[in-house]
Amino acid sequence: MTLLRQPLFRLLLSRSLGFLKHGLSLSVLWWLATLPVQAAVEMRVAVGDRLNQAVVGSSTPAVVKNATGQGVGQIPQGRSVTVTPQGGGLKLADWQGQAFWVEPTSGGYIFINDKWYRGRVLVVPIDGKVTAVNWVDLEAYLYGVVGGEMPASWPQEALKAQAVAARSYAMYRRDRTQGDLFDVGGTTAHQVYGGLAAEAPSVQAAVNATQGQVLTYGGRVIEAVFHSSSGGYTENSEDIWQSATPYLRGVADYDQEAPVFQWSETFSTQQVAQRITGIGRLTGVVTERATPQGRIASIRLQGTQGSRTMTGTELRQALGLRSSLCSLTLVGDTLRVDGRGYGHGLGMSQWGARGLATRGQNYQQILAHYYQGTALSNLRVATTAKQDAPLLLDPKVLQPRLAR
């Protein structure tokens with residue numbers, strides 16, 4: 001497969017990214033702390049998990065290495081190869097092995113399935129499938145996250161707030177996944193990572209202006225969760241997660257301009273029966289417990305074949321609702337759901353951040369509003385040579401079928 005026919009590849013060959021540098025302006029609300037020095041930060045992002053196959057390529061010639069980091073060959077510029085499971089390991093083009101690195105040379109970009117990314121990729125077999133993990137510098141990773149999570153046209157202060165929140169969340173996850181294959185996925189299960197397609201000058205400027213900045217509480221990087229729209233008021237963590245987190249307190253939101261601030265959906269009782277099994281045709285709904293802001297914490301659904309009690313999160317997943325901040329009304333064979341907001345309602349509301357930015361608030365003030373009692377801290381990163389740690393303790397690496 002050739003990548004030269006793809007418009008983005010042609011763009012990459014002539015692309016010149018201008019990274020804007022901005023000085024740091026501190027809010028009087030916070031003190032600026034400095035965290036201990038650590039090695040250069042690389043994120044491990046699962047951009048394809050348990051696939052039947054993966055397609056990889058590069059905008060420049062790419063070096064192929066085995067699981068121990070030993071070079072075994074190259075992939076030519078603008079070409080792609082298919083990675084498939086084989087005999088408990090992988091087959092990449094003409095090579096067989098337990099795992100493979102694909103590393104672009106000369107600052108090139110990596111192609112994984114249908115997207116371009118910065119950094120390099122590690123492909124490994126899991127459960128007889130292929131998992132592709134993008135190893136990428138933290139700040140470069142954020143270019144693809146901020147643009148994936150917020151429109152690039154939004155106010156710069158909102159984009160900066162998103163950059164700090166995303167960086168904090170990434171570091172929180174990274175500190176807790178040292179023994180795992182990857183730190184985060186690339187979807188809303190963690191934070192959306194769009195790769196190069198999500199980048200824009202305004203996004204790069206927001207990331208660069210906040211370079212290395214994270215939110216801390218008690219000297220530790222926080223789990224800076226965020227969501228699209230709270231529907232008017234964010235939640236206390238214990239009302240959603242059952243455990244109290246001091247910096248995740250419910251606050252008034254400024255998300256009234258969100259297109260999902262209010263919404264409604266209808267379902268037939270047949271649709272409900274297909275999505276929520278074991279109750280038969282729906283005959284009644286009772287909200288047993290709600291959060292102080294009205295999100296469903298527990299709801300009982302009565303049907304012709306029995307009843308079922310679900311959490312608000314379970315109901316949201318089963319019916320594909322935007323949020324659990326909703327009320328349910330059954331009229332005949334139709335279930336009507338009227339709701340507000342989009343997401344779990346914890347931490348920063350992205351539409352609320354936009355609303356505050358349009359009111360003249362800077363990113364420090366936005367973050368201080370949604371993450372109560374936190375401090376803005378700087379990561380100190382030491383420059384070190386990149387190393388490939390062995391993936392396996394005693395990898396059984398097969399020789400390539402064709403010498404290169």
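Data for the structure
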item: Point-charge dipole on Cβ atoms (K/R +1, D/E -1) for the stretch 263-339, about Cα centre, debye to 20; result: 120
item: Size of charge dipole - the stretch 291-384 - debye, nearest 20, with Cβ of Lys, Arg +1 and Asp, Glu -1, no other charges; result: 160
item: For peptides 341-354, 240-253, 204-217, sequence by mean Cβ density within 10 Å, most packed first; result: 341-354, 204-217, 240-253
item: Computed label-point distance, nm, for sites Leu181 and Asp114 using a 7 Å Cα→Cβ extension; result: 2.2
item: Around Ser264: net Lys/Arg minus Asp/Glu count, Cβ-Cβ under 13 Å; result: +1
item: Local electrostatic count, Ile126, Cβ distance below 13 Å [Lys/Arg +1, Asp/Glu -1]; result: -1
item: Span from the the stretch 52-129 Cα centroid across to the the stretch 166-181 one, whole angstrom; result: 24
item: Fewest-first ranking of Leu51, Leu301, using other Cβ atoms within 10 Å as the exposure measure; result: Leu51, Leu301
item: Charge dipole (the stretch 197-355, unit charges on Cβ, about Cα centre) - positive-most of Leu215, Gly352, Ser228; result: Ser228
item: The stretch 80-181: trypsin sites (Lys or Arg not before Pro) in DSSP coil with no more than 14 other Cβ atoms inside 10 Å; result: Arg176
item: Percentage relative contact order, the stretch 263-339, counting C-alpha pairs under 8 Å, at least six apart; result: 33
item: Cβ-based exposure ranking for Asp239, Asp183, Asp137, in which fewest neighbours within 10 Å come first; result: Asp137, Asp239, Asp183
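FYI, it's all coordinate maths here, none of it is from the lab. What you see is a predicted model; the values in this text were computed from it and never measured. Here the Cβ is made from the backbone with ideal geometry for all residues, glycine too, and neighbour counts use every protein chain on show.
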